[in-house]
Number of protein chains: 4
Amino acid sequence: MRFFSDNAAPAHPKVLEAIAAANRLDTAYDGDEWSRRLDGAFSDLFGTEVRAFWVTTGTAANSLALAAFCPPYRAILCHKDAHIEVDEAGAPGFFTGGAKLVLLDGEGAKVTPAAIAEACGAIRNDVHQVQPAAISITNATEYGLVYRASEVAAIGGLARELGLALHMDGARLANAIASTGESLADMTWRSGVDALSFGFVKNGGLSAEALILFRTELADEIAVRRKRAGHLLSKGRFLAAQLLAMLEGDLWLENARASNAAAAALAKAAPARLVYPVEANEVFLKVAPGEAERLRSMGFDFYDWGPGEIRLVMSWNDEGPAIEGLAAAIAGL
Amino acid sequence: MRFFSDNAAPAHPKVLEAIAAANRLDTAYDGDEWSRRLDGAFSDLFGTEVRAFWVTTGTAANSLALAAFCPPYRAILCHKDAHIEVDEAGAPGFFTGGAKLVLLDGEGAKVTPAAIAEACGAIRNDVHQVQPAAISITNATEYGLVYRASEVAAIGGLARELGLALHMDGARLANAIASTGESLADMTWRSGVDALSFGFVKNGGLSAEALILFRTELADEIAVRRKRAGHLLSKGRFLAAQLLAMLEGDLWLENARASNAAAAALAKAAPARLVYPVEANEVFLKVAPGEAERLRSMGFDFYDWGPGEIRLVMSWNDEGPAIEGLAAAIAGL
Amino acid sequence: MRFFSDNAAPAHPKVLEAIAAANRLDTAYDGDEWSRRLDGAFSDLFGTEVRAFWVTTGTAANSLALAAFCPPYRAILCHKDAHIEVDEAGAPGFFTGGAKLVLLDGEGAKVTPAAIAEACGAIRNDVHQVQPAAISITNATEYGLVYRASEVAAIGGLARELGLALHMDGARLANAIASTGESLADMTWRSGVDALSFGFVKNGGLSAEALILFRTELADEIAVRRKRAGHLLSKGRFLAAQLLAMLEGDLWLENARASNAAAAALAKAAPARLVYPVEANEVFLKVAPGEAERLRSMGFDFYDWGPGEIRLVMSWNDEGPAIEGLAAAIAGL
Amino acid sequence: MRFFSDNAAPAHPKVLEAIAAANRLDTAYDGDEWSRRLDGAFSDLFGTEVRAFWVTTGTAANSLALAAFCPPYRAILCHKDAHIEVDEAGAPGFFTGGAKLVLLDGEGAKVTPAAIAEACGAIRNDVHQVQPAAISITNATEYGLVYRASEVAAIGGLARELGLALHMDGARLANAIASTGESLADMTWRSGVDALSFGFVKNGGLSAEALILFRTELADEIAVRRKRAGHLLSKGRFLAAQLLAMLEGDLWLENARASNAAAAALAKAAPARLVYPVEANEVFLKVAPGEAERLRSMGFDFYDWGPGEIRLVMSWNDEGPAIEGLAAAIAGL
C-alpha cells in the first residue's frame, strides 16, 4: 500500500468518463464548449464572478498568479516550508522574472498576521530593499493543518492594509473545506483572497487544476502568461471536461471527505504519535528507530519526513480495510 | 466540417484506451512505469540513445530545448513565419530569459543554408551585437512543405561549422516522415538535429507531446527546466501512456499517412488553386472574392490566411467522403 | 585624426571642473545636493514637470524606460537598424524579461507612422501573438537624419491612438535640436514622447546620461529598476554634477552646434558622395575600392559601414583645420 | 561630521588627477589604452593571470559574477545579512534570471563551512528543490569583521568539494587586507575564490569598481553580460584610469589603513560599547536611549542599526582630530 502522496492515486472513474465524452471535434485551445463553461461553473460555485483557467499543474497555477501580482523587483511572502519555496524548483523566480520569496516561520506551515507584519516591518522602504507585493498561503498546509475562514480573513485584512495581494495555494483546499465545513466563498474571496490555485489532481483528478481569479481584471494578463509559458494546451476540452466532472454533484467535496476520513481513522489509531493535529488528509507520525523499516517490510510505503518522522497521505480511494490494516500495523509497532 | 486545425480533431481511441489502462496507483511525477519506459521506446524508434520527455504542448517542448541551447544573451535563428516566432506568445523569450530570434526569409517557411550563412555573416563578432547560438527549423513547415533529410543535413552541417545547435520543431514531423518515406534517424540526429519537439497531439494524440534530446548530456538541465516551468505533471503516467500508445504499431505513422492522403486528395481536386505544393496535411488555396464565404455557407470551416488565401488542415480521421465533399465543393466554386 | 565615434572624443573641460567641484563629502547614492537639483533643472529645461535620472550609459537609459513601458509578454516597435536592436547586446530583452522587438523598415533609420500602422495591423489580437506596448525612435537617427517635431508628433499621435508608449533614444538629441532649431519641448513631450534617453556623453560629457520621464508616475518604478540593475552609483553626485554642467549656459547645445557644423563642412566638400543628407554630426560617404585605405594612410580613422560606404562622426571639439584637412583629403581622392 | 558611509566621502585627489590625465581622444568602450592595461595590472597585483573588468557599482560586479556562476534554476548561498540579499534591490535575481539566494546564519555576517554544509545537506537532490551552484561571502563583512585567508580557504575547499563556485564581495576587501596583513593572493584565488568584486569607491575612488575573474574562461561571457546590462561605458578610459591610480603606489592599501586606523582609534575609546570586534573600518556601538540623539545634536551623523545600536563608518580621509572629537563625545555620554 502506497501512502507516498495523493498524486500517486488513480483518477476517479467519472473523470475518465468525462474525458471520453469530450472526445469529439471542437475548437482548439480554450475555445471549445467545455472550456467556455468554466467561468460560469466556477462563478456559481464561489457565488461571485470569477475567471477560471485550466492548467495542468499546481506549480503553473501558483506561479501564473504570483507573476500577475508581483513585478520582478518586488517580493512574495510565504511560509519557509511552502510548496512554492521548497518543491517547485524555483518556479516563482522563473515566472516573475526574479522576484524574491521572503520566508516566514509558523507552526505547521501556517502563516500568521504577526509574522507577516514583522517581516514587512523589517523592510526599509527604499530602493535598496525589495518591497513586498504579495502573500501566498497554503490551505490545507504542507503539514495537513487547515486555516479557518476567520484566519484567512485576518491575513486578508492585513494584506489589504499593507497593499499586498493574497494568493492561496489550494492544492488541498477541498480537504480544508471538507474539514472545516466552511464555504468556499468564506474561505477565499470573502476573506480577501485575490487568486486561488484550486487543486483537483491530488483529489481524484487526472491532469487538470484550476486557477481561479477573483480579481477578474487580471484575466487577460493571465491568459497571455499561460500561453507564453506553454500551458495553453491545444485540446483544452479534455482539461475543462475534467474540472466540470469534479464539480458535478460536488465530487470534489465527496473525494476530499473520503481522504480526510481515512486520515482521521489513522490518527485515531495512533494519537500519541501525531506530530501535528490531523485536520485534512495528511498524517505525520513520530517513529522510533527501526519502526519505519518495519512498517515498510509489512508492505506500507511512505516518505520519511525529517528525523524520527514519517508522512502518510491518504487518497480519495483509500478504503476502510486498507486503513484499518495500516492502523493495526502502527498500533502493533 | 471543420478544417481549422488538426488540433480540433478528436484523439484516437487507442490513446484513450491507454489512458484508462494507466489509471492505477503508481509513483508520482515521472517515476511511474510508463514514464520510465519512454527513453527506451524512443531510443528504439530513433535507432540511437535518446532522452525522451513528455510535455503537454509543442510550445513547451520548443522553448525548453531552446533554453538549453541558447543563453539569455545570444540568439536563435528561425524563419520569420516560424511557429516559435508568430504563434507562441514570445515563449522563447520567456524560457531563455530574453534571447533574441533572428528572422530569416525563405519560400514556404523553409530555412536555407544560404539564409543562415547570410544572417550569421551580418553579425559582427563583438559584445555589442547578439551572437547566434542555435537554429530552429519546422518540419513539416508552417505552410505544409517538408524538408528532405538531405536538406536537414545541409543545415545541420552548417550549424556544426558555425558552432550552433540545431532544433527541429516537429509538430507535424510524422507528416513529413509519411511524406518523404525517409527514416526518423536520417531526418533528425543523423542530419545534425540536437533536439526534436516531436508532435503527437495534432496527429491523434490527446495531451502528450515528446521532447527528444539527442544531446543526452543536457537531460538533467531539461528535467529541471521542465519542473521549474510547471510542466512536470504529478500524474505523468497518463502522458507517458499516450506516447507509448502512439508508438505501438506505428500508430503515429498510420495517422499521418491518413491526414496526408486527405490533403493529397484535396490538392488533386484543385491543382490550380494551390499556393504551395501539398507535401503534408495542410492545403493552402487561392480563392476569389466571395468564394471563402460560399464554402463556409456549405458547412466547411477553415481559416483565412492572408488576402485571397485560405488554409485547410486535414486530420487523422478525415475520411474519404468528407474530403470528396469538400473537393467537390471547391471544384464547383 | 579619429572619426570613429563621438564617444572617442574627450570630455569638455567644464565637465571635469564640475566633477572636481563636487568632490566633497555628501550623502551617498542620489541623496546629494547635485542629484536633488536634477528634477528641477530638467523640468525648467523642458518647460514641464519631469523626473530626471542620471545613468552612465544610453543602453541603461533606453532599457530602463522600455522595461517600465513594456511587460515581458509584449513588444516594442523600432527600426531594424535602431541602436537598441543592433548595438546593445540585447539589453531590452534583458531588462524587460524577454519582450520582443518588432522591426520596422524606413529610410535612414527613420520610423514612419505608416510602418507602425502596418506592423500593428499585422498582429492578430489574440494570446498567440505578442501584442505591442511601445514604440522607440532615435533622434538624430543612427544614420544622422533628424525627425522634425511634427514628425515626432505624428508618431506620438498614432502611439496614443494605438495605446502604445513612445520612447525616444536621444543619444544625439542635442544634434537634432541644433539642426532643427526646434524646442526640446516640441520635440519631446508636446509631441507625445513619454520618456527620453537624453545623451550627453557623445556630446562632450564624461560618464553621465539622463533618463527623462515625462510620465512622472513611473518614477518610483524606474528608481527601483535602476538600483536593481546596478546603476545606482554610490557617489552619484559626480554624475549629477556633470549633467548640471552640461545644462549650464546651454553647453549641450553649443557642443552640438560645433559637431553639426563640422559635419556640414565635410558634407559640403563631398556632396556627390553623401549616402544620406547630413542633418546632424554623422557623415556617411560612398567610397570607391581603395579609397578608404588611402584616407587611412593619410591618418584618418573611421568605420567601414557596409560595402562601399564609410562613416565619419564629428565631435564637439573637431575644429576647423582638422575638418578642412579631412575635406581636402576626400576631395583629392 | 558624517559617518553614514564610506560612500559619502570624497574621492582621493590622485583619482581625480588620473581622470583629468585620461581626458583625451581614444578608442571608445574598453578599447582604450587604460582599459587595455587592466588585465596586466591586476594580474601583477594578484600574482596570477586574471581578467579585470571595470564596472561602476559593487552591485553590478557582484551580480555579473553570480550570473556567470549560477544558472537561473539554481541557487547561491550567502549570509542572511549579505549585501546582495539585503541591499541590492534583488539584483542577483535580475541578473541570473531568477536564481534563488539560500540564506545562512552566522555571527557578524560571517559564513562558516558548517553552515554551508548544513544548508546543502538539507537540499534533496531532485528536480523539485533548487540545487546550489555558488557561494558568496563578503570580506570585510557587513559588520566589519574580516575573514582570514585560512577561513576563506576552508570555505573554498568545501565549495570545490560540493562543486560550487566561490564569489567574494570585496567592497571593503582593502580593509580586510590592511587588517590581516595577508596577501591578496592568499585571500582570494589561492583560497579558492573564483571571482572577486574588488571595491574601490568606498575606499577613495570615484566611480570605478573592479570585477576580477580568476576563472578566466568566463571572461567572454562576463564581457557580454556587462554590455547587455548597460554597464559598458562608452568612455571607459575614465574608469580604467581611476583603477590604475588606486593601484599605483598601493594607494588602495594606504587608504584602507587610514580608515581602519580611524575605526581602531574609535573602538579604543569605547571598548564596552562594541557590538562586534572592530577589525576593519566599521564600528557598531551599543547606545542607551537618548544617546544617539545627543551625539547627533553634537554634529555627528550616522545610521541607527537595529534597536540600541548605531553604525559609524570611517573613511580614507577621516583624520585624527575628527576621530578624537567623536571619541571624546562618545566617552562623555
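Just so it is clear, none of the values below were taken in a lab; they were calculated from the coordinates. Please read these numbers as outputs of a predicted model, since none were measured by experiment. Heads up, the Cβs are rebuilt from the backbone with ideal geometry, glycines too, and the neighbour counts pull from every protein chain shown.
In this simple spin-label model, placing a label point 7 Å from the Cα along the Cα-to-Cβ direction at both residue B:183 and residue D:220 gives a separation of 3.5 nm.
With a Förster radius of 41 Å applied to the C-beta separation of residue B:288 and residue C:80, the computed FRET efficiency comes to 0.70.
From the convex hull of the Cα coordinates of segment B:188-300, what is the mean projected area in square nanometres?
Details: hull surface 43.0 nm².
Average of the hull's projected areas for segment B:188-300 equals 10.8 nm².
Take residue B:13, move 7 Å from Cα toward the beta carbon, and the resulting point lies 2.1, 9.4, 9.6 nm from the same point in each other copy, nearest first. Exposure proxy ranking for D:164, B:145, based on other Cβ atoms within 10 angstrom of each Cβ and starting from the fewest, stands as B:145, D:164.
Expressed as a fraction of 2.2 N^0.38 Å, the C-alpha radius of gyration for segment D:89-233 is 1.07. Fewest neighbouring Cβ atoms within 10 Å first, the residues C:246, B:1 line up as B:1, C:246. Across the identical copies, the 7 Å label point of residue C:123, projected outward along Cα→Cβ, sits 2.4, 3.1, 3.8 nm from its counterparts, in ascending order.
Ranked from shortest, the separations from the 7 Å Cα-to-Cβ label point of residue D:293 to its equivalents in the other copies are 6.6, 8.2, 8.3 nm. When chain D is treated as a Gaussian network with alpha carbon springs shorter than 10 Å, the biggest mean-square fluctuation among D:64, D:103, D:77 belongs to D:103. Sequence-ordered 3J(HN,Hα) estimates for segment B:154-167 from the Karplus curve with 6.51, -1.76 and 1.60 and θ = phi - 60° stand at 5, 5, x, x, 5, 4, 4, 4, 8, x, 10, 7, 10, 10 Hz, glycine and proline given as x. Largest GNM mean-square fluctuation across D:82, D:119, D:99, computed for chain D with C-alpha springs under 10 Å, falls on D:119. The label-point distance for residue B:248 and residue B:305, in a model that sets each label 7 Å from Cα toward Cβ, rounds to 3.4 nm. Among residues of chain C, the one whose beta-carbon sits closest to the C-to-A rotation axis is listed with its distance in Å as C:97, 2. Over all orientations, segment C:8-86 has a Cα convex hull whose mean projected area works out to 8.1 square nanometres.
Label-to-label distance, residue C:24 versus residue A:268, with points set 7 angstrom from Cα along the beta-carbon direction: 8.3 nm.
Roughly what % of DSSP beta bridges within chain D run antiparallel, to the nearest 5?
Details: 17 of 37 bridges.
Close to 45 percent.
Distant-in-sequence amide contacts of residue B:165, defined by a placed amide H-H separation under 5 Å and a gap of 5 or more residues or a different chain, comprise B:134, B:135.
Could you compute the net charge surrounding residue C:182? Neighbours are other residues with a C-beta less than 15 Å from the C-beta of residue C:182; K and R count +1, D and E count -1.
0
For the protein assembly as shown, the share of DSSP beta bridges that are antiparallel, to the nearest 5, is 45%. Choose one answer from A:170, A:306, A:192: the residue with the largest mean-square fluctuation in a GNM of chain A with alpha-carbon springs under 10 Å. Largest GNM mean-square fluctuation: A:306. Put simply, the amide H of residue D:309, placed in the peptide plane, has neighbours under 5 Å in D:287, leaving out anything fewer than 5 places away on its chain. Under 5 Å between amide hydrogens, built in the peptide plane, is the criterion, and for residue A:57 it picks out A:209 among residues at least 5 positions away or on other chains. When B:276, B:73 are sorted by how many other C-beta atoms sit within 10 angstrom of their C-beta, beginning with the fewest, the order is B:276, B:73. The string of couplings for segment D:174-190 from the Karplus curve (6.51, -1.76, 1.60, θ = phi - 60°) is 4, 5, 5, 5, 4, 6, 8, x, 7, 7, 4, 5, 5, 6, 10, 5, 5 Hz, one whole number per residue in order, with x for Gly and Pro.
Along its three principal directions, the equivalent ellipsoid of chain A from the Cα gyration tensor extends over semi-axes of 31, 27, 17 Å, largest first. Pairwise Cα separations in segment D:26-149 fall into 5 Å bins from 0 onward with the following percentages, short to long: 2, 10, 16, 18, 18, 15, 11, 6, 3, 1, 0.
So what is the relative contact order for segment D:110-200, in percent, with contacts set as C-alpha pairs under 8 Å and at least six apart? Relative contact order, segment D:110-200: 31 percent.
Got the relative contact order for segment D:268-329 handy, in percent, Cα pairs under 8 Å and 6 or more residues apart? Mind showing how you got there, number by number?
On the way: 57 pairs, mean separation 21.1, N = 62.
This gives 34 percent for segment D:268-329.
Here are some pairs, A:202/B:235; A:227/C:100; A:110/D:110; B:100/C:80; A:235/B:235; A:235/B:202; which of them have Cα atoms lying more than 20 Å apart in this structure? Before the final figure, lay out each step's value.
Working: A:202/B:235 9 Å; A:227/C:100 15 Å; A:110/D:110 30 Å; B:100/C:80 13 Å; A:235/B:235 18 Å; A:235/B:202 9 Å.
Beyond 20 Å: A:110/D:110.
Just going by the charge dipole of chain B, with Lys and Arg at +1 and Asp and Glu at -1 on Cβ, which of B:285, B:65, B:139 is farthest out on the positive end? Among B:285, B:65, B:139, the one farthest towards the positive end of the dipole of chain B is B:65.
What percent does the relative contact order of chain D come to when contacts are Cα pairs within less than 8 Å and at least six residues apart? Reported as a whole number, the value is 24 percent. Here the Karplus curve 6.51 cos²θ - 1.76 cosθ + 1.60, taken at θ = phi - 60°, turns the phi angles of segment B:29-35 into couplings of 6, 10, x, 6, 5, 5, 4 Hz, with x standing for Gly and Pro. Here, segment C:254-321 has an Rg and a Dmax of 11.8, 37 Å when only alpha carbons are counted.
With a sphere of radius 14 Å drawn around the Cβ of residue D:255, what net charge do the other residues whose Cβ falls strictly inside it have (Lys, Arg +1; Asp, Glu -1)?
On the way: positive: D:14, D:172, D:202, D:257; negative: D:6, D:248, D:250, D:254, D:318, D:319.
Summing Lys/Arg as +1 and Asp/Glu as -1 gives -2.
For residue C:285, the shell of other residues with beta-carbons less than 10 Å away shows a net charge of +1, using +1 for Lys and Arg and -1 for Asp and Glu.
Where does the protein assembly as shown land on Rg(C-alpha)/(2.2 N^0.38 Å)? Can you show the working numbers first?
Details: Rg = 32.7 Å, N = 1332, 2.2 N^0.38 = 33.9 Å.
That ratio works out to 0.97.
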